[in-house]
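Laboratory data are not the source of any read-out in this text; all were calculated from the coordinates shown. The structure displayed is predicted, hence computed values, not measured ones. Cβ: placed from backbone, ideal geometry, glycine included. Neighbour counts: every protein chain shown.
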Amino acid sequence: MFSFTSIKDYQSCLLNGQTTCVEAVSYYLQRIEANIHLNAFLETYSEEALIQAADLDVLLQSGKLVGKLHGVIVAVKDVICYQNHPVSAASKILENFTSVYNATVVEKLIAEGAIIIGRNNCDEFAMGSSNENSAFGKVLNSKDNNRVPGGSSGGSAVAVQAGLCMISLGSDTGGSVRQPADFCGIIGLKPGYGRISRYGLIAYASSFDQIGIFANNIYDAALTLEIIAGKDEFDGTVSSAEVPAFSEMLNIENRKYKIAYFRETLEHPSLDPEIAASIRSSIQKLIDNGHTVEPVNFDLLDFIVPAYYILTTAEASSNLSRYDGIKYGFSAKTDFGDLTEFYKRSRSEGFGKEVKRRIMLGTFVLSAGYYDAYFTKAQQVRQILLKTTQAIFKNYDAIIGPTVPSPAFRIGEKSNDPIEMFLADIYTVFANLVGIPAISLPLFTHSSGMPFGIQAMVSQGNELTLLRLSKMFMDLKGKE
Ligand code: GLN
């Protein structure tokens, strides 16, 4: 019977003939089918995945893996383009739209022998924190079907949580990889802005968006990152810095870290007391193990959610103006006599409630009379945050804290109150505002029975430190 613990183990089983790629694909297809109620996949590519697996099995007869991800079964969020496959951003406005090219990450995965098994459900245009905003139905947390999996990459998180694939890709504009990872009890890595090409990622807020990785262990996340990261002529914002072989550099014995945490974060009234206590006990454990962990003041905490929602909605209102009912996907059934009426109808019928709310909010904050009061102010907050962060990283290797203020909430609990939903992003949006790498690590279980994590962040370009630190956290947990 097939079982999966890590890419390393799986590939050694492939090499010694204990399993085959076809067996792995068949196993996951059957698991996806058995868990169809979770609604984690919008579509699976069963036939072609099986054909690719059979080809990879033939190639393995020479005794060598074709690439670092030989036979690895991957699922991708429905905002990442896979040539000749539909991509909809979980929106009706892109229904029946087919990608005409591959995202750079998809090219890189395939070049290393990965098999893409399907596309994952998500919040429409990656806007949301609970996966209740998809035009194709909500996703259920597999740990408790009455609770949300988090969002917006809820389907990708559940795909890994429920063992429906080995790794998955999501996108993180304000926490959409780390928050669902926290709610689902898995690892969620958002690299620094510009580490991974956004070419072929459907844009939400371009100066925040970053592709991220869901995995069961740090090695798998590190291996995936080293493959999909790196410069790309199709995305001018990607760093040209060398990508280290992260997966081979994870172990460093006895390194002592200097870590900060934001005092205001742990004292915030919205933070669940059990989560606060667990983070405090982690801090104590680190100190007991010889690391330095110190509080730093961060009086900007209450400004970051407003700044995030002003800037991202502004960018979204511009990015989403391309969906006019003519160039892509859905068109309203009306005659073309009045073009403005046609645009209005197509957008009104094609976009969901949350997306419309954000387009309107973004258009408002960019409008002549309000630009300075909102957009410029929020840009100033972003600049101050950047300076504050750079100053902190002069003295510390990392910043740690909770990923989310509460564990996974019940379906419907926050869906009628957008502000309450937005406030749940209080700890994750910071890393996107300043563009730094961040990760959520599944270390704890709440008395509600739900998992939750710790978040670690490092300075721009330092994913290696983040992964090493994460490995140390996971190893410490393993020893408990
Ligand atoms: N919850 C945040 C939002 O709705 C984050 C979304 C994301 O990271 N894509 O904007």
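A few comments on the model shown:
- In order along the range 289-294, the phi-based Karplus estimate (6.51 cos²θ - 1.76 cosθ + 1.60, θ = phi - 60°) of 3J(HN,Hα) comes to 8, x, 8, 9, 10, 9 Hz; Gly and Pro are listed as x.
- Length released on extending from E264 to N84, taking residue separation times 0.36 nm less the Cα-Cα span: 60.0 nm
- If you take all other residues with their beta carbon under 10 Å from the beta carbon of I7, and give Lys and Arg +1 and Asp and Glu -1, the sum is 0.
- In plain terms, the chain from A241 to S3 could stretch by 82.0 nm, reckoned as 0.36 nm per residue minus the Cα-Cα distance.
- Leading residue at positive end of dipole, the chain (Cβ point charges), from P451, S156, L464: L464
- Share of pairwise Cα separations in the chain, more than 41 Å, in percent: 14 percent
- Positive minus negative residues near I252 (Lys, Arg vs Asp, Glu; Cβ under 10 Å): +2
- Looking at the chain, the DSSP beta bridges with both ends there are about 65 percent antiparallel.
- Placing +1 on the Cβ of every Lys and Arg and -1 on the Cβ of every Asp and Glu, with no other charges, gives the range 356-403 a dipole of roughly 180 debye about its Cα centre.
- Inter-label distance, Y343 to K377: 2.9 nm, where each label sits 7 Å from its Cα along the C-beta direction.
- Residue among L339, G170, I399 farthest towards the positive dipole end of the chain, charges placed on Cβ: I399
- Neighbour-count ranking [beta-carbon atoms within 10 angstrom, fewest first] of E315, E274: E274, E315
- Gained length - K394 relative to S318, 0.36 nm times residue gap less alpha-carbon distance: 23.8 nm
- The residue among A424, T20, G350 whose Cα reaches farthest toward the positive pole of the charge dipole of the chain, with charges on the beta-carbon of Lys, Arg, Asp and Glu, is A424.
- Overall dimensions of the range 88-228, expressed as equivalent-ellipsoid semi-axes from the Cα gyration tensor (√(5λ), whole Å, largest first), are 20, 18, 14.
- The C-alpha atoms of the range 330-480 occupy a region whose extents along the principal axes are 69, 39, 25 Å, arranged from largest to smallest.
- Here the chain is assigned +1 on the Cβ of each Lys and Arg and -1 on the Cβ of each Asp and Glu. Its dipole about the Cα centre then comes out at about 580 debye.
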